[in-house]
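First comes the structure, then the notes that go with it.
Values in this text are rule-based calculations from the coordinates and carry no lab data. Please read these numbers as outputs of a predicted model, since none were measured by experiment. Every residue, glycine among them, receives a Cβ derived from its backbone with ideal geometry; neighbour counts consider all protein chains shown.
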Amino acid sequence: MNHLLEISQLSKQDILKLIHRAIELKKTEQFPTYPSLVMVNLFYEHSTRTRVSFDLAGQYLGMKVINIELKASSETKGELIEDTIRTLAAMGIKYFIIRHKHEGLPQQLADKIKDIHIINAGDGTHAHPSQALLDMMTIMEKKSAVEHLKIALVGNIKHSRVAQSFQCISQKLGVKKLALIAPPIWQPNAVHYGELTSDLKEGLANADVVICLRVQRERLLAEEHIDLEQYREGYALTLRTQAYAKPDAMVMHPGPINRGIEIDSEVADGPQSFILQQITNGVYTRMAILEALIGKQA
Ligand code: CP
């Protein structure tokens, strides 16, 4: 594996290998280390979970980790991201974790610049592959056979890179049923995998796992805004609506969560919530991804 740009580049075997390695790393006390390697976090969009977990993943693997503070970088003087990467590569940095609002940018950079490794940490509404891997790791730790599961994604499916990558990983791993629940205005024109519905009760019926998505107001066009009270009424995960799913259904959310909008605190902090496990698993998933790029795994 040379880059991790989107889930579609991975085979089912690649995905399972990464997830099993992440599970193994979680149980390991001493990690392999690569002190001669340097990785850089280049986040052109805000992040807490992804950025810090990649930082920790690199540190646990003994790599040198550099976080570029974009407000203090030469990007503010007009430098193109491509030139920033070439500059850093000329200093010997090979591992680039990139988050950017432009869809497809990590792929374009990977095509143009040789001898580096790029991990897509989220590109606009397009893809968030490491999130899909950690989400699936969290599900597989609890429920081994995903081929028998019904999983429901609820929220702004249209603008969610998490939903895009999750559809792809679900198809690759043969998830039995994927319900994509969204109000009509936040439904995409086409889906990669799964069935769209605007009916929360129908979509959650018999679900083994419910993944709640953030509303993502920052990505909405003027005509796509809806009244949040109205959204909450129809789609929020509350103690009442959680009961539409199976009684032991896992509750997940990629974060950041908007309490009282898409999910209530009673559910987010409740006994069926795996939100904090997702965050923990993010570190091990990202270690497994880095190892695969280093060439020791996958
Ligand atoms: N899930 C996720 O990508 O969170 P951050 O934006 O905090 O990285």
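Couple of notes before you dig in:
- Rounded to 10°, Cα long-axis angle of helix 81-90 versus longest principal axis of the chain: 40 degrees
- Comparing mean-square fluctuations of 93, 81, 275 from a GNM of the chain with C-alpha springs under 10 Å, the top value falls on 81.
- Ignoring lysines fewer than eight residues from residue 158 along the same chain, the ones with Cα atoms less than 27 angstrom from its Cα are 12, 101, 150, 172, 176, 177, 201, 246.
- Förster radius 35 Å - calculated FRET efficiency between residue 223 and residue 108 (Cβ-Cβ, nearest 0.05): 0.75
- Equivalent-ellipsoid semi-axes of the chain, from the Cα gyration tensor, Å, largest first: 32, 22, 16
- Helix 49-60 and the longest principal axis of the Cα set of the chain meet at an angle near 40°.
- Taking only the C-alpha atoms of the stretch 49-166, the Rg (one decimal) and the largest Cα-Cα distance, Dmax (whole number), read 16.6, 53 Å.
- Report summary: the helix-based calculation at 222 nm, which adds -39500 (n - 2.57) for every DSSP H run with n ≥ 4 and divides by the residues of the chain, gives -11000 deg cm²/dmol.
- Cross-link reach list, lysines versus residue 112, counting only Cα pairs under 16 Å and skipping chain neighbours closer than eight places: 94
- Compactness relative to 2.2 N^0.38 Å, alpha carbon Rg of the stretch 160-230: 1.14
- Estimated inter-spin distance, residue 269 and residue 20, nm [label 7 Å along Cα→Cβ]: 3.9 nm
- Within the same chain, aspartates and glutamates fewer than 8 places from residue 26 are excluded, and of the rest, those with a Cα less than 13 Å from its Cα are 141.
- On Cα atoms only, tilt of 129-142 relative to the major axis of the chain in degrees: 60 degrees
- Put a plus charge on the Cβ of each Lys and Arg, a minus charge on the Cβ of each Asp and Glu, and nothing anywhere else: the dipole of the chain about its Cα centre is then about 720 debye.
- In this structure, residue 49 and residue 71 have a Cβ-Cβ separation that, at R0 = 25 Å, corresponds to a calculated FRET efficiency of about 0.80.
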